[in-house]
Amino acid sequence: MVTKDEGKYVVWPIYFDKNTSREDGRKVPIQLAVENPDIERIAKAAQSLGLNPVLEREAAYPSEHWHKKGRILIDKKDKKSKLLKMIAKRL
C-alpha cells in the first residue's frame, strides 16, 4: 500500500477512459481521454515524462474491485491534475 510519505501518486486507468463519466472516475477532459486505456500505455507515457512509473498489475480500482486492471505509481513532481493531463496528451 502506498502512503503519502512515499512521494508517489496513484494513477488508475479509469482516469483516462473515454467511456467513463467524471462522476464515475474519469479525471481528464473528454478530449484527452482514450478508449480502453491500459497500464502499459500509461506507464510508457509517464516514463517519457520522467515520472518513474511503477506498475502494480493486480490492483483494482476501489469502486470496480472485481476488475483487476492494475494501477501505476508516479513521482509527485507537480499537481496530480497537471500530471494526469500531461500523460493523457501522450496517450
Quick one: what are the phi-derived ³J(HN,Hα) couplings along the stretch 83-91, Karplus 6.51/-1.76/1.60 with θ = phi - 60°, whole Hz, x for glycine and proline?
5, 4, 5, 5, 5, 4, 5, 9, 7
So for the chain, considering every pair of alpha-carbon atoms, how many percent are separated by more than 22 Å?
18 percent
Gain upon complete extension [Ile30, Lys44; 0.36 nm per residue less C-alpha separation]
3.0 nm
Over 10 Å intervals from 0, what percent of Cα-Cα pairs in the stretch 38-91 sits in each interval?
26, 50, 23, 0
In whole Hz, with x marking every Gly and Pro, tabulate ³J(HN,Hα) for the stretch 28-39 from phi via Karplus 6.51 cos²θ - 1.76 cosθ + 1.60, θ = phi - 60°.
9, x, 4, 5, 9, 6, 10, 7, 6, x, 10, 5
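All of the numbers you see were taken from the coordinates with simple rules; none came from a lab. Quantities reported herein were computed from a predicted structural model and do not represent experimental measurements.
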